[in-house]
Structures are given as structure tokens and as C-alpha cells.
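Chemist: Would you mind keeping the following structure in view while I ask a few things?
The values are calculated or read from the model by the stated rules, or taken from the named source; none is laboratory data. The structure presented is a predicted model; accordingly, all values stated were derived computationally and were not measured. Quick reminder, even Gly has a Cβ in these numbers, built from the backbone with ideal geometry, and neighbours come from all protein chains shown. Surface accessibility is based on the protein's heavy atoms, side chains included, excluding ligands, DNA and RNA. Shrake-Rupley method; radii C 1.70, N 1.55, O 1.52, S 1.80 Å.
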Amino acid sequence: FRKLEWRDDSSNNFSNYRRNKIRLNLITEIEKEYCSNFTEIISRTTEILKTADSFIQEHLDYLLKFIQKEKKGSKLKIKLNGLVNNSTFIQGELLQKILTESYKIQNLPSNAIQRIISLFEAEVGTQIDVVNNIIAVRDRFEIAFGKGKDVLSVDKSITKIGSFKINDVTIKLDEVQKNQLKIGTNPNVEFFDYDLVEEVLHIRNWENGDFFHPIGMQAIVKLSDFLTNKKISVLEKKNIIVLLSGNEIIWVIKQRISENFKITDNTKRYLRIEII
């Protein structure tokens, strides 16, 4: 139709290239000494494998419809119940498909897939490195993925009034009037009884031994239990920041303030704290 002429590349006849050495020497020797229709068998096997791969991909696409996953930025969660009921091979193929599409990366090496699958039976909180700075963490009912660089370390003292740059956020503290109160309208803004808060505060990552008295609750609780009850994933927990007055947490930032520092009818001065 396009009147193209066949043109043979003379390099195809040289055995110094591996592909040519296989075609000219190895295959010729196999067909001569062991299997005269070797090329035909290889061709037929290739077609069978192509058909099998097509079938597997269609099956994977079907299974993916039943796997609950959530992607926010670089964070990805995959529900375990959609994975564990499949064979190890299918588990690996599903993880390969989800992760390469979610993170726009090349195929994961088999040992990375095996490390992820090992998390299915691991303790909650177990973490592994996957590839390209991606980490995976075993949560109660899911595997959470994220970028290692997303976990930020915070440990800084600040004054009661002022504006402070901490990593990629700013924390701003101001005294305001009662008519400026807008309680509960923005998780990045909270209000406190000014007179109950010390002049120097401390902001840091939460720690396993932390306790906290959440507003509206009767008693002090372990902060780890509070975060678990709020269904915050293990990976998300790594970026939870707390603000302390003395040794007491007054705000689990973006989550809940302390009952002990809330505004009441007896409050005379008001402290506004905002995360920008």
C-alpha cells in the first residue's frame, strides 16, 4: 500500500551483539541438536503468555473495583480486606498496579512487593521502606503509604504572643476581644483562656507517653488512644503536633483543645492561636 521496500541491516549478521548471537548461534544449535521446531514453540508460547497476561489484567481490573483505597496528596491507604483474600501472586499484582499508578513510578521490584505483603501479618505500626522514598506502615485495617519526607520533626519553644515560622507552617498567637471569638468554625484556629496559658509555650511532635484531657470529656486519656479513636492512621499520626503550656498539652493541633484551658463564663482575657 505504501510501497515500502524491505531493507536488511547488515549488523544483523554480526555475532558480536548478544541478540544476534542468540538468533544466529544459540537458536540454530538448539534447532539442529535438540528441537527442530524450537522457534515455532517459542512463538506459540509467547502468544499463550500474551493471552494469559491479558486475562490476568482483566481480572485485576475487576478486583480493583472491590478494593477500598483513599489517596490524598502523597498519602495512600489500602484496606486489607480487599487484598488478603487473594493469592500471594494476585496480592502482588494488585499492589503493583495500585502503587505504580498512584505514584507514577516504574514497576516495583519483587522484593519491595514482598516487604509490603509481609506487613499483612505484622504488628500495627510496623514500617518498611518501599522505593523512591515511599514508606508503608501497617495500620489496624489498612496499609498506609506516604513519602518519607512528609514526616516533619518539630521541637520549638515560642512566646505567648507573636508569629513563628516552623517548617512549612506559621503559628500565630494574639490576644483578642470577646466579640472576636469564632469557636469551632476552623480546625486551624482555636481560642483559649489567656490567663491560664503560660508566657512560654512549647510545640513538638506528639510522643507515645503523652496524656491529654480533651475538651468535652470527663477525664485525662492517653493521646495515642485518643488518636486511634479518631481513626487517624499510623502514617498520619507521625505528623500530629501538640502545643504545651508547661508540661500540659493545651492543643492537639487541628484535632482538639484541652478541657483545662477552654474559655468559660469566668474567662476575662482571650488567646487566639492560628496555624497558617
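Chemist: Take the residues in the stretch 142-161 that are within 17 Å of Gln91 (Cα to Cα) and in contact with a Lys or Arg (Cβ under 6 Å, 6 or more places away or on another chain), then tell me which one is most open to solvent (accessible area, probe 1.4 Å).
Modeler: Glu142
Chemist: When the residues of the stretch 220-270 are filtered to those that are charged (D, E, K, R), more than 14 Å from Tyr194 (Cα to Cα) and without any contact (Cβ under 8 Å) to a residue 12 or more places away in the chain, which remaining residue is least open to solvent (accessible area, probe 1.4 Å)?
Modeler: Applying the filter and picking the extreme gives Asp225.
Chemist: Take the residues in the stretch 6-54 that are surrounded by 10 or more Cβ atoms within 10 Å (Cβ to Cβ) and of a type in the set (Phe, Trp, Tyr), then tell me which one is modelled with the lowest pLDDT.
Modeler: Restricting to residues being surrounded by 10 or more Cβ atoms within 10 Å (Cβ to Cβ) and of a type in the set (Phe, Trp, Tyr), the top hit is Phe14.
Chemist: Follow-up. Is it the case that the stretch 190-198 has a residue that's surrounded by 20 or more Cβ atoms within 10 Å (Cβ to Cβ) and acidic (Asp, Glu)?
Modeler: yes
Chemist: Further question: Counting just the residues of the stretch 149-185 that are free of Cβ contacts under 8 Å to residues at least 12 places away in the same chain and polar (S, T, N, Q), which one comes out farthest from Ile273 (Cα to Cα)?
Modeler: Asn179
Chemist: Pairs only if they're at least six apart or on different chains, beta carbon under 6 angstrom, first in the stretch 64-86 and part of a strand (DSSP E or B), second among the basic types (Lys, Arg) and open to solvent by 70 Å² or more (accessible area, probe 1.4 Å); list them, first residue then second.
Modeler: From the stretch 64-86, the pairs are Ile78/Lys69.
Chemist: Evaluate the stretch 121-130: report whether one residue or more is part of a helix (DSSP H, G or I) and in contact (Cβ under 8 Å) with a residue 24 or more places away in the chain. Before the answer, list the steps.
Modeler: Step one: filter the stretch 121-130 for residues part of a helix (DSSP H, G or I), giving 121.
This time we only want the ones that are in contact (Cβ under 8 Å) with a residue 24 or more places away in the chain, so: none.
Within the stretch 121-130 (the criterion being part of a helix (DSSP H, G or I) and in contact (Cβ under 8 Å) with a residue 24 or more places away in the chain), the answer is no, since none of the residues qualifies.
Chemist: Answer yes if at least one residue in the stretch 86-106 is open to solvent by 100 Å² or more (accessible area, probe 1.4 Å), among the charged types (D, E, K, R) and out of contact with any Phe, Trp or Tyr (no Cβ under 6 Å at 6 or more places or on another chain), and no otherwise.
Modeler: Within the stretch 86-106, one or more residues are open to solvent by 100 Å² or more (accessible area, probe 1.4 Å), among the charged types (D, E, K, R) and out of contact with any Phe, Trp or Tyr (no Cβ under 6 Å at 6 or more places or on another chain).
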